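To keep things clear, I will list the structure first and then write my remarks on it.
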There are 2 protein chains.
Amino acid sequence: MTACTIDFEPVGRRGKCQRNESLLACARRLGVGISSICGGKGTCHACKVQVLSGTVSKPTSSELEAFTSQELKGGWRLACQTYPTSDCKLTVPPESMTTAQRTQVEGLEITVQLEPPVKAYRLQLAAPSLSAPHADADRLLEALNQQHQLHCGKVDIDTMRTLLPKLRSWNWECQAIVRNDEVIALVPWSNRQLGLAIDLGTTKIAGYLVDLSDGRTLAAKGRMNPQISYGEDIISRINGVIKSPDEGVRLRKLVAEALNQLSVELCTEANANAEEIVEAVVVGNTAMHHLFLGLPVRQLALPPFVPAVSRALDIKAHDLGLHIAPGAYVHLLPNIAGFVGADHVAMLLATEVWQAEGPVLALDIGTNTEVSLASNGRISTVSCASGPAFEGGHIKDGMRAATGAIERLRIADDSIQYQTIDQAPPIGICGSGILDALSQLYLAGIIDEGGRIMDNHPRVRTYKGQREFVLVSKKERDGHPAISITQQDIRELQLAKAAIRTGIQVLLETKGCAEEEIKQVIIAGAFGSYIDIANAVTIGMLPLLPLSCFQQVGNAAGMGAKLALISLSKRAEAQAIASRVKYIELASAPNFEQTFIQASYLGQYRIIDGRREEID
Amino acid sequence: MTACTIDFEPVGRRGKCQRNESLLACARRLGVGISSICGGKGTCHACKVQVLSGTVSKPTSSELEAFTSQELKGGWRLACQTYPTSDCKLTVPPESMTTAQRTQVEGLEITVQLEPPVKAYRLQLAAPSLSAPHADADRLLEALNQQHQLHCGKVDIDTMRTLLPKLRSWNWECQAIVRNDEVIALVPWSNRQLGLAIDLGTTKIAGYLVDLSDGRTLAAKGRMNPQISYGEDIISRINGVIKSPDEGVRLRKLVAEALNQLSVELCTEANANAEEIVEAVVVGNTAMHHLFLGLPVRQLALPPFVPAVSRALDIKAHDLGLHIAPGAYVHLLPNIAGFVGADHVAMLLATEVWQAEGPVLALDIGTNTEVSLASNGRISTVSCASGPAFEGGHIKDGMRAATGAIERLRIADDSIQYQTIDQAPPIGICGSGILDALSQLYLAGIIDEGGRIMDNHPRVRTYKGQREFVLVSKKERDGHPAISITQQDIRELQLAKAAIRTGIQVLLETKGCAEEEIKQVIIAGAFGSYIDIANAVTIGMLPLLPLSCFQQVGNAAGMGAKLALISLSKRAEAQAIASRVKYIELASAPNFEQTFIQASYLGQYRIIDGRREEID
């Protein structure tokens, strides 16, 4: 009886499970915090998980009680009652987790003139009578005209469906919420108007609830993108959709559900109701944008990587499955290209780099990394396939930034000093920790500039045929398997960092700009916010510039979405940015291959015309 | 063991069923043509019916095979396998009927300048390349601009979802279907553009498939409104919705399904595909309009009878559950008042009475009858609750215009000459036959001007405590129960005809117009097309004018819908008509009650100031 490999998503933790070990016991052993109140007796139903692939034991009577047959068919199980019979992939939903995953919601706060796309108008209507039996909707539009000199021609159909009881129960006093020439909602006199800004990332979703009357952020929250369980990176999700059109429907539904849950959570925090949200802005990379809208994604993965649509869109929220005010619209900022999406436009909008004079580099580091070089109002952009390594993917003990992840690390002689998220016992290593490890191993001479692990340190060992560096030993983990960085892990990291550096170099060369001319490097995104810049420069991921040139701006895409939510001018600016950007296809750049090879080396250097030059 | 009363809808036939008689056997005995191929063995599944209320025998094994558990739950049964255990109401769907019901689709044909709201533009796009990887939707809009100088800003989201495979499989050649500034569909170069015009009546639905390139009607078809099973008249449907909001959802779904089936049938006849339909126009009375759109109807039944909306609307077909081109719109002509809807506007549009000089009366006779008086461009309109008697409702042997209905009738001494629909043996009497009977009985002196049945004719008898006139005796029907007109039936008919005549009189008095000044009387609607005008004048339903003044125009509402489908000017004209109409609330008119009492008398007379004056 061999052990099975269990993959816990979206936390991204993987490990062996004996066939007589329940999924709950396995999760606990691996440090994945699944809730359980009854102590595994199957009575509290707190440890619900969804089996996405692989086979498990038959449902117990507790499970038959906990789930409908539809849910059981969909793979829902109680982790404490279920034993694997093959390798499995599971989703642990947020409500079954003991701790939340860390997501990035903070970022620059920019003050901007309020100019919201929806406005509220107070109205006092005359009640109808036998001598004036005009229709409700006509009465409303006439009042807007007479009382506010507003020529509206339309009332949203969902809003029209509720006019009757609303007008009568509010004694003919109301606020009409108007967008362009359409009444999109009807609310009582006392109501606020709220907006929702969403940064829809491949891995994480950040949401902001904004008061449209003053631009204040009332609540900010992050959560994992539930699509992760169906593919860590965007390419595997696109491939899933190509194989089966149902997958596209499923992915779309998952995101809509996540956004609905997120908006309920945000509203709960702000003591509001999701129906008070009368406008939303969503930004994401082009693939996430397309998956959310139900647009085809096949062509995004094939040359010439053509989006279905680039220009900004306004779509009724209910057409996208969002449960906010029924007549509300979702505004989607424009995309730039197949691999440079509205999230990058939002980042450029928030950081205002497009207005910068001197050459400014702006990076949004993630599974896919977009890099822009702005100079005198001209912007060039590349997209680098940096892969999931910095999100903990494809790394033996890698995991996402959750409780127990090593996020900081220093090598001091034989001992390792590290810091974990929530000061919990270590269970894996997340992006910033991985970057630290690479830098520290290089500085300590344990790996050479080619990335090879030397046999010169007591923590280096050969395990299962591969050389690796032990970060936390089995002994230090009280008998749990050691946490280590393998030779294979280092190769993955080299590819990731080479991709980013190559993007920077191609941009500089195309624009005829030397590295040392760069005035500022703006680093956005969750991973970019937590990394140690000095270590990133040490390994050559970022060019050697004074540390004062670097600015970590947090979730700038989310900030850009917020700006577009409250300002029509900012929406126009976003469209101007998208039209202005020159997209450069990395693979077709001259010197691309040589540059990539040179950029995979560790250390501080310059790359000029595909050659690597040591810095004195 | 008492017999149960079975109500077969939408044919409107009611009769007794013994408990050992199957629903199929009962239907056959009553003359309701339910299909059966296997001879009642339960194997052909042709006799599907839906039990709406009442209880029946348990499903047999044949039925468990024929239906899903969901369908059985919804009341679906095989008529040959099912025995009633209480009074029941059934729907016999069109596909289970041996003969179609007669509906009116013909009407005036008016030539009008083509000016359709959607236009097709042929495009030849450049295929994308690595050096020009613009998005599909952006590429399309740019081509419209460059090749046709058209500034479109939007692509319908559903259309956007299919751009990718369409453009590529058509080798970048397409027709863009444009409505205002939106691309609503993409079709191959060879495609036609079709439009759908619908007259959505309380009882019947008429549909027309029109070629938008030349205005030709490619197919015309009618079918029953399936909502009939949930209430014969509009008030009972409104009451159903007030009692249970689910009922509104059900009624809305029923209409959408009927329209979808109708458009499939129309397309089959024209060798077209429902997706080729790129625009639809729907007209109906205000309640049908509201039920179709899912608008609240409660206030339509209560003073001051306020519609939710009156102005013309454009709504995405998919938001109304219609399966035509996914981006297509449905245009709804404006309503006038709670009981004067877009169908009346369409009728006024098609008959052009609003442009008439001399006083013209225009009537649309139905369960609710609208009457307009047009004079020098001014139009006044009333609405009369004429009730379902002329549709065969509330009449002992009444039925709708279907096979076996007596539609023409003459009394010659002791014998009755009659004509049935499809020359089938008589099973009941429909509207035009009922009107004939009333007139003939009056002329023969068998009923007096007050409507009382005299005891002066061999066919007059007292049956079950009520005096009645036997049209077809038990003997003449080979032992089936006699078909007769009862005293109660005559009272119902007097109320119906009084309502219509009162409407006419109130209009004339309000406008200070004498009966004899009327230049023309236009009679629209299915019932109005089949009636014998002379008989209608004889009983005093219509005023005494030369027969040459009367014009029966068939389904003018449907014709108006067709005009609005192919001409934007006609849509503007419809809005102008709706704004111009002065709606008069009948019940608040002076002399209303006296006029109504006088109008219930049979015979030819004038009514002046609520007094009845015999004509010399």
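The values are calculated or read from the model by the stated rules, or taken from the named source; none is laboratory data. Please read these numbers as outputs of a predicted model, since none were measured by experiment. Heads up, the Cβs are rebuilt from the backbone with ideal geometry, glycines too, and the neighbour counts pull from every protein chain shown.
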> Taking into account only those residues within region B:287-311 that are surrounded by fewer than 20 Cβ atoms within 10 Å (Cβ to Cβ) and aliphatic (A, V, I, L, M), which is farthest from residue B:117 (Cα to Cα)?
Replying inline: B:302
> When region B:399-451 is examined, which residues are found to be under 26 Å from residue B:224 (Cα atoms), of a type in the set (A, V, I, L, M) and either assigned to a helix (DSSP H, G or I) or in the same structural domain as residue B:224 (by TED's automatic domain parsing) (or both)?
Replying inline: B:421, B:434, B:435, B:437
>> Among the residues that make up region B:556-577, is at least one of them of a type in the set (Val, Ile, Thr), surrounded by fewer than 17 Cβ atoms within 10 Å (Cβ to Cβ) and within 17 Å of residue B:380 (Cβ to Cβ)?
In response: no
>> Looking only at region B:40-80, how many residues end up being among the small types (Gly, Ala, Ser) and either touching a Cys at 6+ places or on another chain (Cβ under 9 Å) or outside the structural domain of residue B:30 (by TED's automatic domain parsing) (or both)?
In response: 7
> Just one of B:510, B:502, B:486 is in contact with a Ser or Thr (Cβ under 7 Å, 6 or more places away or on another chain) and surrounded by fewer than 22 Cβ atoms within 10 Å (Cβ to Cβ); which is it?
Replying inline: B:510
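Give, as residue ranges, the strands (runs of 3 or more DSSP E) completely inside region B:558-616 that count at least 3 residues that are closer than 15 Å to residue B:334 by Cα.
Passing ranges, in order: B:581-583.
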> Which one of the conditions (1) touching a Ser or Thr at 6+ places or on another chain (Cβ under 8 Å); (2) at pLDDT 90 or above; (3) β-branched (Val, Ile, Thr); (4) in a loop (DSSP other than H, G, I, E, B) does residue A:395 fail to meet, given that it meets all the rest?
Replying inline: (1)
> Quick one: in region B:139-155, which of the residues that are under 44 Å from the mean Cα position of the chain (by Cα) and within 10 Å of chain A (Cβ to nearest Cβ) is farthest from residue A:245 (Cα to Cα)?
Replying inline: B:153
> Which of the residues spanning region B:31-80 are in a strand (DSSP E or B) and within 27 Å of residue B:481 (Cα to Cα)?
Replying inline: B:34, B:48, B:49, B:50, B:51, B:52, B:53, B:56, B:78
> Which residue out of A:127, A:120 is touching a residue at least 12 places away in the same chain (Cβ under 8 Å), of a type outside the set (Asp, Glu) and more than 10 Å from every other protein chain (Cβ to nearest Cβ)?
Replying inline: A:120
> Quick check: is even one residue across region A:162-177 in contact (Cβ under 8 Å) with a residue 60 or more places away in the chain, assigned to a strand (DSSP E or B) and at negative phi?
Replying inline: yes
> What number of residues within region B:126-156 satisfy the criterion of being surrounded by 14 or more Cβ atoms within 10 Å (Cβ to Cβ), small (Gly, Ala, Ser) and in a loop (DSSP other than H, G, I, E, B)?
Replying inline: 1
> Looking at residue A:387, is it closer than 16 Å to residue A:557 by Cα and at pLDDT below 90?
Replying inline: no
> Residues of region B:1-41 being hydrophobic (A, V, I, L, M, F, W, C) and closer than 22 Å to residue B:228 by Cβ, which ones?
Replying inline: B:4, B:6, B:8, B:11, B:17, B:23, B:24, B:26, B:27, B:30, B:32, B:34
> Looking only at region B:299-351, which residues are among the hydroxyl-bearing types (Ser, Thr, Tyr) and either more than 11 Å from chain A (Cβ to nearest Cβ) or within 18 Å of residue B:274 (Cβ to Cβ) (or both)?
Replying inline: B:329, B:351
> Filter region A:570-616 for residues that are farther than 30 Å from residue B:128 by Cβ and β-branched (Val, Ile, Thr); which is modelled with the highest pLDDT?
Replying inline: A:597
>> Looking only at region B:475-494, count every residue that is over 22 Å from residue B:368 (Cβ atoms) and among the acidic types (Asp, Glu) and tell me the total.
In response: 2
> Which of the following residues is away from chain B (no Cβ under 14 Å) and in a loop (DSSP other than H, G, I, E, B): A:199, A:246, A:214?
Replying inline: A:214
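How many of the residues making up region B:586-614 are within 14 Å of chain A (Cβ to nearest Cβ) and either surrounded by fewer than 19 Cβ atoms within 10 Å (Cβ to Cβ) or without any contact (Cβ under 8 Å) to a residue 24 or more places away in the chain (or both)? Don't jump to the end; show me each part of the working.
So the first thing to find is which residues in region B:586-614 are within 14 Å of chain A (Cβ to nearest Cβ), and the list is B:586-589, B:592.
Then drop every residue that is not either surrounded by fewer than 19 Cβ atoms within 10 Å (Cβ to Cβ) or without any contact (Cβ under 8 Å) to a residue 24 or more places away in the chain (or both), which leaves B:587-589, B:592.
Count: 4.
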> Here are some conditions: (1) modelled with pLDDT of 95 or more; (2) surrounded by 15 or more Cβ atoms within 10 Å (Cβ to Cβ); (3) in contact with a helix residue (DSSP H, G or I) (Cβ under 8 Å, 6 or more places away or on another chain). Residue A:452 meets all but one. Which one does it not meet?
Replying inline: (2)
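Yes/no per residue for (1) outside any helix (DSSP H, G or I); (2) assigned by TED's automatic domain parsing to the domain that holds residue A:384; (3) in contact with a strand residue (DSSP E or B) (Cβ under 7 Å, 6 or more places away or on another chain):
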position	(1), (2), (3)
A:502	no, yes, yes
A:509	no, yes, no
A:527	no, yes, no
A:545	yes, yes, yes
